[in-house]
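Participant: This is the structure I want to talk about, given as C-alpha cells.
The values are calculated or read from the model by the stated rules, or taken from the named source; none is laboratory data. On a predicted model such as this, the values are computed, not experimentally measured, just so you know. Note: ideal-geometry Cβ built from the backbone for every residue, glycine included; neighbour counts use all protein chains shown.
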Amino acid sequence: MYNVVKNLHSYWAYLVVIILIIAVANAIIKAVGDKEYEAKDFRISLFTLIVSHIQLLIGLVLYFVSPRFELWAELGGEVMKNALARLYLVEHPLVNIIAVALITIGYSKHKKKLTSKFKLKTLAIYYTLALVLLLSRIPWSDWLS
C-alpha cells in the first residue's frame with residue numbers, strides 16, 4: 001500500500017505544480033494586462049484548488065503509512081538534528097499544508113472581490129506565495145530520480 005500511495009503522491013505532484021504554474025501565470029498576465037476576469041479564470045483557480053486539496057489528502061495518508069513516520073519514535077527530539085528526517089517529517093508536510101491553506105484563502109478571497117483587477121491580483125498574490133512555498137520543500141533528490 002505504501003508504494004502505491006507514494007507513487008500516486010509523486011505523480012499527482014507533477015499535476016499540482018503544472019496547474020499551479022498555469023494559474024499563477026494566468027493571474028499575473030491578466031492582472032498586469034488589465035484584462036477581464038472570465039469563467040475560464042474561475043475554472044483554472046477552482047481546478048488548482050481541487051488538485052492541491054487532493055494532493056494534501058494523499059500526502060496525509062502517505063505521512064502516516066510511511067516507514068519514515070516511525071523515525072519519530074526512534075529519533076524523538078533528534079528528528080530536528082537530522083536534515084533528511086526533518087525534511088520529510090516536519091518541513092515538507094508543514095510548509096505544504098501552509099501552501100494549500102494559501103491557495104484556499106486566495107480562492108475564497110478572490111470570489112468576494114467585485115472587480116476583475118482585484119480578483120486577479122488576489123489570485124496572483126496567494127497562488128504565487130503557495131507556489132514558492134511548494135517548490136521550496138519538494139524533496140528534489142527523490143522526486144527527480
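Participant: Quick check, is residue 50 touching a helix residue (DSSP H, G or I) at 6+ places or on another chain (Cβ under 7 Å) and among the hydrophobic types (A, V, I, L, M, F, W, C)?
Facilitator: Here the answer is no, as residue 50 does not meet what is asked.
Participant: Which one of these is under 19 Å from the mean Cα position of the chain (by Cα), of a type in the set (Asp, Glu) and in a helix (DSSP H, G or I): 91, 78, 74?
Facilitator: So the residue among 91, 78, 74 that is under 19 Å from the mean Cα position of the chain (by Cα), of a type in the set (Asp, Glu) and in a helix (DSSP H, G or I) is 91.
Participant: Sticking with this one: Sort out which residues of region 101-131 are of a type in the set (A, V, I, L, M) and either part of a loop (DSSP other than H, G, I, E, B) or over 20 Å from residue 57 (Cα atoms) (or both), and write them in order of number.
Facilitator: 114, 120, 123, 124, 125, 129, listed by residue number.
Participant: In region 37-57, which residues are surrounded by 18 or more Cβ atoms within 10 Å (Cβ to Cβ) and more than 24 Å from residue 113 (Cβ to Cβ)?
Facilitator: 55, 56, listed by residue number.
Participant: Which pairs do you get when a residue that is crowded, with 20+ Cβ neighbours inside 10 Å and part of a loop (DSSP other than H, G, I, E, B), found in region 15-36, comes within reach of a residue that is among the acidic types (Asp, Glu) and modelled with pLDDT under 95, reach meaning Cβ atoms under 6 angstrom, with the pair 6+ apart or on two chains?
Facilitator: none
Participant: What number of residues in region 91-120 are more than 30 Å from residue 72 (Cβ to Cβ) and either in contact with a strand residue (DSSP E or B) (Cβ under 9 Å, 6 or more places away or on another chain) or exposed (fewer than 14 other Cβ atoms within 10 Å of the Cβ) (or both)?
Facilitator: Result for region 91-120: 5.
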